[in-house]
């Protein structure tokens, strides 16, 4: 048995070192010492063995765009080259259901990723240059518009604060007076009407009286809820504000929200909304701001 194993080993050793041959499936002798097949056979057509394997391997094919520079023989695989640059290389067979070959370039300046694909040609991303320029111009225009609007709003705010002689505001009708009194100046002076809305928040005495008048919910009388609705606050926000009234007055929250959203609003805006709500008692409280306005 040892002698037979030595003969089998000798058969395989001889075949592996031979080019253009491969080991036959039944190389060597059986248990009875008989020989069924020869030790090796020539590689079939379209296969090769360069002496590095016991079996013949199928010949690869050039990838699209490359041409065959050297055909596949029984001892060497096919050789391909790029007709444009003259780059030569060895094709590599990808293990898929079909034999698909990709080309590994040996040109020093060419880079290939793990998938075996070549990088795009330099002319491919040329469309990106106009796109980048267009995006840059758009961003500059948007920034310029935002800066212009911000400056314009700041100028309007300064002008509204300087108007102490009369209450003038586009789109804001004169305040409706109670029945029997058509003189608006009899309720609030021009100085109070043109004072910033922040003045109400700064005067704690006036603010406290307004809270007592407007925050409590009562039937037949409009309250802070109606004022918040006139100021375009959503119903969910109003409900949440009233749920927190133990820690903060809903009216104060409304006034703070309005001053943030509309920094150019004045006491006249608030008085106009209170007039729509028929809350002339609250307008009368605003008249107590006269002393603070004079001090300013």
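Derivation of every value follows stated rules applied to the coordinates shown; laboratory data play no part. This one's a predicted model, so the numbers in the text were calculated from it and none came from an experiment. As a convention, Cβ positions derive from the backbone with ideal geometry for all residues, glycine included, and neighbour counts pool all protein chains shown.
Things to note:
- Unit Cα scatterers, Debye sum, region 208-296: log10 I(q)/I(0) for q = 0.25 Å⁻¹: -1.50
- Neighbour-count ranking [beta-carbon atoms within 10 angstrom, fewest first] of 148, 66: 148, 66
- Taking 75, 199 and counting other C-beta atoms within 10 Å, the order from fewest to most: 75, 199
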